[in-house]
Each structure stands twice: as C-alpha cells, then as structure tokens.
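Engineer: Sharing a structure below in structure tokens format, with a few things to ask.
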Amino acid sequence: MKDLSVIIPMYNVSKYLNKCVDSVCIQNFDSEAIEIIMVNDESPDNSLQVAEELAKKHPFIKIISQQNKGLGGARNTGINNAQGRYLLFLDADDWFLPNRIKELIKIADKDQLDILEFGAQIVAEDDTVINTLSADSLGEVYDGVNYYWNIAYGGSACNKLYALDFLKNNQLFFLEKIYGEDFEFNTRAFYFAKRVKAINNVCTAFLQSSDSITRNNDKSKKDKYLNDFHIILKNINTFHNKITGVPNNQVDSFFKERLTLVNINAFYLMYSNKYSFKEMNNFKSKLKGSGVYSVNYPVMNKRKDWFRKVLLKNFNLFRFTQPIKNLY
C-alpha cells in the first residue's frame, strides 16, 4: 500500500495541469510511496491529452476517465480507486508549496489522525498572495465536534489530509454535481472523526479566479448554487435526524450551527447579487417547506452572525435593500 493518493479532478482545466501536477512531483517524497489519480470527468478540452503526456513522464500517475459527475463525483472515483493510506484532494487550478507533503504524513502517522488540517494561501491570478488561512491546535488532538468548537476548521476539503480507512469505514463520499460539496462532506466527516489536529504550516495555494461561481455575473450559476444550498441543507438535516444514541448537546449545536451557516450563505448570495425581495421571500418559503429554514441559532463568525441578527431575523428589511423589480 502506498502512503499517499493525491486526487485531481479534470474538467476544462488543461491550462493548469502542468503546474498542479509538477507541484506534487517535486515534493521531497519517495515516488514509490505516492500516486496521483487524475480523474477525467468527461472534460471537453484537452485535459486528458495533457494528463497522458504527464503520465508518460511520471509512472505514479493513474488516469481514470468517466462520464461527467461533477467535482464531487470525480473525487469519489478517486476515493474508490485510491491505494494510499492517506488522501489529499487537489483541485487542478491549485498547487502544493515545495517540500510540504512528507511532514504531513509524518504528523498524521505519529498522532494516528483521521484528519489533519493545514494552512493555505489564497492567490490572485497575477500570483499575488491575497490572504493566508491557517489554524493551529497547538499539538492537541480533538474529536471532530470538539475540534470544530475549539479550532473552527476551514470549509475546504483541499487543506486537509484524510485517512483513507476513515473515509471508507464511515462511507464518506461527496454529493455529486453540486456546488458547495465540501461543506456538506466536512460536516459528516468531522462528526465521525475521532482524532483531528491542525498545524499552521502553509502547504497549498488556492487560485482565486475571476470566473468563480460567486465572482462571475452568470445568474444561472448563482441560481444553481441556491438550489444546491437547498440540497445541502436537506442532506445535513436528514443526516442529523438519523443519528442515534445518547443525546449530546455539543453535537446538536454543531448541526444547528452548520444549518444556520448554509442559510446565511444562501441569503447573503442573494443579497449581494441584488436578487429581488420577491425572489428572496420565495426561497425562504421553499426552505421553510422543507423544514430547513434556520436563522435563530448564533454562529461563531461575527460578520455572518451580524447578517443573521440584523437582516435574516428582520426579513422585511430586505424590502429596502433589494431592487424593486418583481416585488409584486
């Protein structure tokens, strides 16, 4: 068994692949102990051809082609085909910083971790570092829910090392063909995790693209994101309701905050993109009808909690903040 599987989904990402894959190949890591799984998610560009050229140079690259299942579905294919003891998810437009991976494996082995969180840079298209995100549990190992309350993990699945057995034993896979799949996946992952740790080592770089879902002007993509927020809410709520065993206030609070955060994120997307009050009110009715409208529980993020307390708790204020169009 290899030490590590790095899973790289491919869909319209050919221009990024060389930099992404090279960042793995130049790590201080024995090539016999690592594999890169490149999942061609029915990409319409020449991503597959670029991957095939890379595989000729690096025998530890495995290419799998499939019918389109979205980012989550491509990652699931990687999980199902992985031979590493640990997994890293690497989006094709992101990259690892030099000489970082070996240390992650060493720490995860020493502490027998289910999940190890590490730092990430947010990088603009001109290579300017916009921000750095990191957490540090100061050597402490927590279970997932206590980690959440004490450390407050980042939402991405791409700044975490996951133990493969942990994922498979708990049937942890991503929802397919949705936006925001990391949030739902990590909600379940941290509920199940028994040993989680954070280090402030910055190990990866995330590209902040001007064409990202939240930054472009394509309303159809934002409408899809709202529909996907609804799917995420229903999945988290269903999962929470199925949990059996001794009642646990910390666990209940964990799920309540997660549900509230998705509500906040959804309505903030509508607010900031000038959806009409009618559209926002219709979406609210949709969530209420599914039993997933949740705005009463406070969240740790102060800015988001302000939005919740001031606007979501006083919903009619959106009549004055949003465009008049389609009001009646």
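The values are calculated or read from the model by the stated rules, or taken from the named source; none is laboratory data. Everything quoted here is computed from the prediction, not taken from an experiment. Please note: Cβ atoms are built from the backbone with ideal geometry, for glycine as well, and neighbour counts cover all protein chains shown.
Engineer: Look through the stretch 149-181, keep the residues that are in contact (Cβ under 8 Å) with a residue 24 or more places away in the chain and in a helix (DSSP H, G or I), and return whichever of them is surrounded by the most Cβ atoms within 10 Å (Cβ to Cβ).
Structural biologist: Result: E181.
Engineer: Then there's this: Would you check if C203 is out of contact with any His (no Cβ under 9 Å at 6 or more places or on another chain), in a strand (DSSP E or B) and modelled with pLDDT of 95 or more?
Structural biologist: Here the answer is yes, as C203 does meet what is asked.
Engineer: Do any residues in the stretch 188-201 that are of a type in the set (F, W, Y) have Cβ atoms under 8 Å from those of residues that are at pLDDT 95 or above and not in a helix (DSSP H, G or I), where the two are at least six apart or on different chains, and which pairs are they?
Structural biologist: F190/I115; F190/V196; F192/D114; F192/N170; F192/L172
Engineer: Could I ask something else about it? Might you check whether a residue that is in contact (Cβ under 8 Å) with a residue 60 or more places away in the chain and either in contact with a Leu (Cβ under 7 Å, 6 or more places away or on another chain) or part of a helix (DSSP H, G or I) (or both) occurs anywhere in the stretch 55-70?
Structural biologist: yes
Engineer: Further question: Could you give me the residue pairs with C-beta distances under 7 Å whose first residue belongs to the stretch 257-285 and is under 11 Å from L226 (Cβ atoms), whose second residue is charged (D, E, K, R) and modelled with pLDDT of 95 or more wherever it lies, and which are 6+ apart or on separate chains?
Structural biologist: L269/K222; M270/E279; N273/K222
Engineer: Contact list please: Cβ distance under 6 Å, first residue in the stretch 33-44 and in the same structural domain as E103 (by TED's automatic domain parsing) and within 9 Å of S65 (Cα to Cα), second residue of a type in the set (G, A, S) and outside any strand (DSSP E or B), pairs at least six apart or on different chains.
Structural biologist: Final answer for the pair search is M38/A51; V39/A74; V39/G78; D41/A74.
Engineer: While we're here: Can you tell me which residues in the stretch 119-146 are assigned to a strand (DSSP E or B) and either of a type in the set (S, T, N, Q) or in contact with a helix residue (DSSP H, G or I) (Cβ under 9 Å, 6 or more places away or on another chain) (or both)?
Structural biologist: Those that are assigned to a strand (DSSP E or B) and either of a type in the set (S, T, N, Q) or in contact with a helix residue (DSSP H, G or I) (Cβ under 9 Å, 6 or more places away or on another chain) (or both): Q121, N131, T132, Y142.
Engineer: Can you tell me which of L164, L113, L138, L172 is closer than 30 Å to D223 by Cβ and in the same structural domain as Q83 (by TED's automatic domain parsing)? Walk me through how you get there before you give the answer.
Structural biologist: Numbers: L164 fails: closer than 30 Å to D223 by Cβ; L113 fails: closer than 30 Å to D223 by Cβ; L138 fails: closer than 30 Å to D223 by Cβ.
Checking each option against the conditions leaves just L172.
Here's the yes/no breakdown for (1) within 24 Å of N170 (Cβ to Cβ); (2) among the hydroxyl-bearing types (S, T, Y); (3) within 22 Å of the chain's Cα centre (by Cα):
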{"site": "G180", "(1), (2), (3)": "yes, no, yes"}
{"site": "N186", "(1), (2), (3)": "yes, no, yes"}
{"site": "R195", "(1), (2), (3)": "yes, no, yes"}
{"site": "I199", "(1), (2), (3)": "yes, no, yes"}
{"site": "K221", "(1), (2), (3)": "no, no, yes"}
{"site": "L226", "(1), (2), (3)": "no, no, yes"}
{"site": "K242", "(1), (2), (3)": "yes, no, no"}
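Engineer: Condition first: part of a strand (DSSP E or B) and of a type in the set (A, V, I, L, M, F, W, C). Now tell me which residues in the stretch 1-20 satisfy that.
Structural biologist: Selection gives L4, V6, I7, I8, M10.
Engineer: I'm checking my understanding of the structure. Among residues of the stretch 78-128 that are of a type in the set (S, T, N, Q) and in contact (Cβ under 8 Å) with a residue 40 or more places away in the chain, which one is surrounded by the most Cβ atoms within 10 Å (Cβ to Cβ)?
Structural biologist: Quick first cut of the stretch 78-128, residues of a type in the set (S, T, N, Q) only: 80-81, 83, 99, 112, 121, 128.
Pick out the ones that are also in contact (Cβ under 8 Å) with a residue 40 or more places away in the chain and you get 81, 83, 99, 112, 121.
Numbers: N81: 14, Q83: 13, N99: 12, Q112: 10, Q121: 20.
That would be Q121.
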